[in-house]
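Structure first, then comments.
What follows is calculated from the coordinates using simple rules that are stated; it is not laboratory data. None of these values were measured; they are calculated from a predicted model. Note that we place each Cβ from the backbone using ideal geometry, even for glycine, and neighbour counts take in every protein chain shown.
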Amino acid sequence: MIAAPVINSPLAGLTATDAVPSKAAALAAALPLGWDEPIYIPDPAKRVPLRSFEPSLPTLFFLNRHDFWVAGDLHGRSYPGLRMKSGCDLGIISELRRLVDALQQAHGVSPADIREERQRQQLLKIKRRLRTSVPRLNRRTAARRTPAEMGPKEMRPKKFTVPDKARSWSPLSLPLSTRMQKILRRCGIRCLGELHDLPFAELRVQGDCGTRSIAELQYYLQLAEAGEVAPAPYRFDVPEKARSWHCLSLPLSTRVQNILHWRGIRCLGELHDLPFAELRAQGDCGARSIAELRHILQLAEAGEVAPAAYNFDVPENIRSWNVSELPLTVRLETVLRNLGIVRVGELHGMHFETLWAARGCGRKTLEKLQQVLARAARGEFAPPVQRAGWQPKPLIQILDALVGFLPDRGCQIFCDRLGAESGEMETLESIARRAGMTRQWVSQVALLCVIRIRKSGSLPLKFHLERLKARCNMAHCALSPDVLGRWLKASSAKPRFAVPFYVRLIARLEPGIKAEGI
């Protein structure tokens, strides 16, 4: 017969085969007298972290599971109550008992102090029971008593009393909380006069409000009676000169633009006399959005803000360009592709709202498109004027600038891969080991850098690559570091990186150029 294993517990004499009738009986047999009394932790020790005693692993798991972080979390609890929690056994109870005894001894707590604290807790419990067991006066008993005999709680009002001057005010004109505004809107109360002589109980039943909401409403009614609060505007007041302005022509935040777009508001005239509450009923609209709109309307009335153009104005010299020739973001390219826009000229005169209605297009996307069109109008993407003799110096300068615009981490990986410093290409494995990445990840980063350089270079880079390709074909030679080095020396160019780096980069940007010696 196999003997039953002994439980690994500091409680001697307890084995798995012992007949333990219940958890409480096991605790009674294991712990000394007074084990069921509340645990007493002195005040100076309540902030001591329990982890500072280096408890065992099961005890640590138990403390973490039930959010016992400091010694004060054990104050007032009992060992039977802790034993009933999941994951607790007799070993954990015994260890917690020793921990509490160590805290009491360290702070000089005597058994008399513990008895005094327990007596105080018992007296508080008795007072609490007496307070809750006193029967309340019913209506008949209260009706027989005179007002002088009635207590202050029985003298409290049971109905709302609205002063005459405030009965025409709208609840939206008072600085009530959002919860209180929703309660009044749910009850159909549009002016404060409808609250006059309304019992508190009726508002509690209809509006599902509590004592705090009732007290808040009474407080503002008392302030209105004392003249300490006045009705504030609760509707939008749009000046006449700004009622025809389009919402997209104003410098509003993206959140407010989206709120107006979802609401179907296209011009400011549709906001006139619109209550704040109706716009706040729209999702994601809060007090800050309302304040921003009111601030813009005040600036418009003062003449400090003017509507901007909300149609795309594309210069004539770039209307024939292809959209793919501009350095657009992936999101913007997807939006234009879904709209079927191929040429830049198709954007001329298009309303912002047409692009705004496309999926995935927001205010930031419109701003980026405007910035790209403005740069194109300044001639940043225009191809250079063709001359008789072409030199590689402008191409090297463009490549240096585009490589400098890459992100720091991607630029370092890209330069190491193509050998920008030493002229020798590093392997994917060495770069991946140094950067803490996989080889496939390093290869993807290098490829994305080439794509970004090609897109950012736009037409000027494309022009110089085509001229370089034509020169190589005319000379019947492949592009190599020696050939490019002679051409750069002849044009007095000072490259920033090693010459083989440019040859490898050019070969990746223009696959039609044959490269050798790399």
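Which cross-chain or sequence-distant (5 or more) residues have an amide H under 5 Å from the amide H of Arg77, H modelled 1.01 Å from N in plane?
Amide H neighbours of Arg77, under 5 Å, 5+ apart: Ile39.
Could you go through region 349-366 in sequence order and give the Karplus-derived ³J(HN,Hα) for each residue, using 6.51 cos²θ - 1.76 cosθ + 1.60 with θ = phi - 60°, rounded to whole Hz, and x for Gly and Pro?
Ordered by residue, 3J(HN,Hα) equals x, 6, 6, 4, 5, 5, 6, 4, 6, 5, 6, x, 10, x, 5, 5, 5, 5 Hz.
Once you have a ≥ b ≥ c as the square roots of the Cα gyration tensor eigenvalues for region 23-116, tell me rounded if a/c is under 1.5, and otherwise prolate or oblate according to whether a/b is larger than b/c. Please list the in-between numbers first.
Numbers: a/c = 1.80, a/b = 1.11, b/c = 1.63.
Judged from the Cα gyration tensor, region 23-116 comes out oblate (a/c at least 1.5, b/c at or above a/b).
Beyond 25 Å between alpha-carbons counts as too far, so tell me which of Lys125/Lys158; Lys393/Lys514; Lys368/Lys462; Lys165/Lys241; Lys393/Lys469; Lys241/Lys364 fall in that bin.
Details: Lys125/Lys158 32 Å; Lys393/Lys514 20 Å; Lys368/Lys462 22 Å; Lys165/Lys241 34 Å; Lys393/Lys469 15 Å; Lys241/Lys364 28 Å.
Beyond 25 Å between Cα atoms: Lys125/Lys158; Lys165/Lys241; Lys241/Lys364.
I'd like the trypsin sites (Lys or Arg not before Pro) in region 184-255 restricted to DSSP loop residues with at most 16 other Cβ atoms within 10 Å, sorted by number.
Numbers: sites: Arg185, Arg186, Arg190, Arg204, Arg212, Arg235, Lys241, Arg243, Arg255; in loops: Arg190, Arg243.
Answer in residue order: Arg190, Arg243.
From the phi angles alone, apply the Karplus equation (6.51, -1.76, 1.60; θ = phi - 60°) to region 241-258 and give each ³J(HN,Hα) in whole Hz, x where the residue is Gly or Pro.
Once θ is set to phi - 60°, the couplings for region 241-258 become 6, 9, 6, 9, 6, 7, 5, 6, 8, 10, x, 8, 6, 5, 4, 5, 4, 5 Hz.
Over region 164-226, one equal point on each Cα, no solvent: what is log10 I(q)/I(0) by the Debye formula at q = 0.20, 0.21 Å⁻¹?
-0.72, -0.81
Would you order Thr365, Thr211 from fewest to most other beta-carbon atoms within 10 Å of each residue's own beta-carbon? If you can, show how the numbers build up before the last one.
Details: Thr365 19, Thr211 9.
With the fewest neighbours first, Thr365, Thr211 line up as Thr211, Thr365.
Would you please state the base-10 log of I(q)/I(0) at q = 0.15, 0.21 1/Å for region 393-509, with intensities from the Debye formula using one equal scatterer on every alpha carbon?
Log10 I(q)/I(0), no solvent term: -0.67, -1.21.
Can you run phi through the Karplus equation (6.51, -1.76, 1.60; θ = phi - 60°) for region 419-433 and list ³J(HN,Hα) in whole Hz, with x for Gly and Pro?
These are the phi-based 3J(HN,Hα) values: x, 5, 8, 8, x, 9, 6, 8, 6, 4, 5, 5, 5, 5, 5 Hz.
Taking the mean number of other Cβ atoms within 10 Å as a proxy for protection, how do you rank 72-81, 494-503 from highest to lowest?
The most tightly packed comes first, giving 494-503, 72-81.
Check cross-link reach from Lys494 to the aspartates and glutamates: straight Cα distance under 18 Å, and skip same-chain residues fewer than eight apart.
Leaving aside aspartates and glutamates fewer than 8 places away in the same chain, those within reach of Lys494 are Asp400, Glu421, Asp482.
Can you list residues whose amide H is under 5 Å from Val70's amide H, if they're 5+ apart or on another chain and H is modeled 1.01 Å from N?
Residues meeting the criterion, in which the H sits 1.01 Å from N, are Leu50.
By how many nm would the segment from Ser320 to Gln412 lengthen if fully extended, with 0.36 nm per residue of separation less the alpha-carbon distance?
Values: separation 92, 0.36 × 92 = 33.12 nm, distance 3.72 nm.
Between Ser320 and Gln412, full extension yields an extra 29.4 nm.
Arranged from highest to lowest average of other beta-carbon atoms within 10 Å per residue, in what order do the peptides 257-270, 464-477 appear? Don't skip to the answer; put the middle values down first.
Details: 257-270: 16.9, 464-477: 15.1.
Listed from highest to lowest mean packing, they are 257-270, 464-477.
Take the Cα gyration tensor of region 199-297, multiply each eigenvalue by 5, square-root it, and list the three semi-axes largest first, rounded to whole angstrom. Don't skip to the end; give the middle numbers.
Numbers: eigenvalues 221, 56, 24 Å².
Ellipsoid half-lengths, sorted descending, are 33, 17, 11 Å.
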